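Here is the structure we will look at.
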Amino acid sequence: QVQLVESGGGLVQPGGSLRLSCAASRKIVGVYRMGWYRQVPGKQRELVAVTATDGTTNYGDAVKGRFTISRDNAKNTVYLQMNSLKPEDTAVYYCNLENLGRQYWGQGTQVTVSS
């Protein structure tokens with residue numbers, strides 16, 4: 001079992017930046033994909049960004065060029081640097097891990113972009 005703990009959400013003005021962190025409770029063994037999804041009320045959860053064991057990354061179309069995902073394997077942590085934030089980026093952001101045939105989700109962290 002793996003627990004994912006997110007941090008870094010909050011309120012920011014349009015054009016601002018935030019960095020989210022997601023720490024896994026233990027070292028992740030084997031091939032995995034880890035990243036971020038987001039959801040607003042009444043809509044489906046959507047991909048923000050994921051990174052895989054082989055170093056590949058994948059971004060949702062809405063965030064390409066503005067968000068960057070990175071990871072620190074020694075700390076079992078994935079980061080999401082969010083720049084040029086827009087009001088439509090407002091959502092609950094969830095950390096996700098796919099590993100050894102299982103999926104894990106964090107509790108979610110609220111990001112609000114508003115003036």
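The values are calculated or read from the model by the stated rules, or taken from the named source; none is laboratory data. Fair warning: this is a prediction, and the values are worked out from it, not measured in the lab. Cβ placement follows ideal geometry from the backbone for every residue including glycine, while neighbour counts extend to all protein chains displayed. Calculation scope for accessible area: heavy atoms of the full protein, side chains included, ligands and nucleic acids excluded. Shrake-Rupley method; radii C 1.70, N 1.55, O 1.52, S 1.80 Å.
Points to keep in mind about this one:
- Segment Gln44-Ala62, length gained on full extension (0.36 nm per residue, minus Cα span): 5.0 nm
- FRET E, pair Asp54, Ser115, Förster distance 30 Å, beta-carbon r, rounded to 0.05: 0.15
- J(HN,Hα) series, the stretch 52-66, from Karplus relation 6.51 cos²θ - 1.76 cosθ + 1.60, nearest Hz, glycine and proline x: 10, 4, 7, x, 6, 10, 9, 10, x, 4, 5, 10, 4, x, 10
- Max mean-square fluctuation residue, GNM over the chain, Cα-Cα springs under 10 Å, options Gln44, Gln13, Gln103: Gln44
- Debye, to nearest 20: dipole size of the chain, +1 on Lys, Arg Cβ, -1 on Asp, Glu Cβ: 160 debye
- Cα shape, the stretch 24-65, gyration tensor, a/c 1.5 rule: oblate
- GNM flexibility winner over the chain from Leu47, Leu11, Leu85 (Cα, springs under 10 Å): Leu11
- Gaussian network model of the chain, springs between alpha carbon atoms under 10 Å - residue of Arg102, Arg71, Arg26 with greatest fluctuation: Arg102
- Mean accessible surface per residue for the stretch 67-115, computed with a 1.4 Å probe while every protein chain stays in place, in Å²: 49 Å²
- Rolling a 1.4 Å probe over the protein chains gives Thr90 an accessible area of about 40 Å².
- Take the Cα of Val5, step 7 Å toward its Cβ, do the same at Trp105, and the gap between the two points is 2.1 nm.
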